[in-house]
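See structure below.
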């Protein structure tokens, strides 16, 4: 339960550009079996949002890479939106991924508060998202757009299909003002490299968590996983 800061620091040193920190939740709608299981285990261990903020209290003395919290709106409401924003600001969180936060509710109720605290809210799009909605999200966003690679929950996939590449290129050709990062199903160097050909970057979640779950040496596992996906020579480039 106390490994949060160690994972963040080690990932930064290994060459990760940005870290998405999951807030364990009992009903993670967008997540597949691996992340669901890790969240359940974390909750059984006594993990909470309050404890997470305590673990992140001095994280900025160890890393300056962007840090995002990923969770669900109910958790923020239970914690208290204003208290949550204050804690994010205190520990140096840069952005939020809230898959169940409707765009119109964000715009009418939360945008002013989050932007005043310097928090970028990251919205997700899928192959089925309409052009009008994508452009609305692009107009509201200040960080990046999270491109869900397919109409599915999180979890490792073997490869990227031609239909997915067509989707990636369609969004690329929209010339959005925000950067695009591709996630869901990105699990290894091959899928990471392919995704990065069509966007500014890619996000790996389930495969990383699975590697941590079988680790006997956490720091070494993190280093090996990151370097296996993105060798140090590529980081330097």
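The values are calculated or read from the model by the stated rules, or taken from the named source; none is laboratory data. Computed from a predicted model, the values in this text were never measured in an experiment. Cβ coordinates were reconstructed from backbone atoms using ideal geometry, including for glycine residues, and neighbour counts include every protein chain displayed.
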Fill in: Of the criteria (1) in contact with a strand residue (DSSP E or B) (Cβ under 8 Å, 6 or more places away or on another chain); (2) modelled with pLDDT of 95 or more, which one residue 9 fails
(1)
Worksheet entry | Top-ranked residue in segment 40-84 [being in contact with a strand residue (DSSP E or B) (Cβ under 9 Å, 6 or more places away or on another chain) and in a loop (DSSP other than H, G, I, E, B); ranked as nearest to residue 98 (Cα to Cα)] | 71
Worksheet entry | Lone unmet requirement of (1) under 20 Å from residue 99 (Cα atoms); (2) surrounded by 13 or more Cβ atoms within 10 Å (Cβ to Cβ); (3) free of Cβ contacts under 8 Å to residues at least 40 places away in the same chain for residue 179 | (2)
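Go through 29, 76, 13, 49 for me and flag whichever is over 30 Å from residue 189 (Cβ atoms) and surrounded by fewer than 20 Cβ atoms within 10 Å (Cβ to Cβ). Steps first, please.
Details: 29 fails: over 30 Å from residue 189 (Cβ atoms); 76 fails: surrounded by fewer than 20 Cβ atoms within 10 Å (Cβ to Cβ); 13 fails: over 30 Å from residue 189 (Cβ atoms).
On inspection, the qualifying residue turns out to be 49.
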Response to the item:
residue 97: passes all of (1) over 19 Å from residue 171 (Cβ atoms); (2) within 14 Å of the chain's Cα centre (by Cα) but (1)
Worksheet item: Among the residues of segment 12-36, how many are part of a helix (DSSP H, G or I) and in contact with a strand residue (DSSP E or B) (Cβ under 9 Å, 6 or more places away or on another chain)?
Response: 2
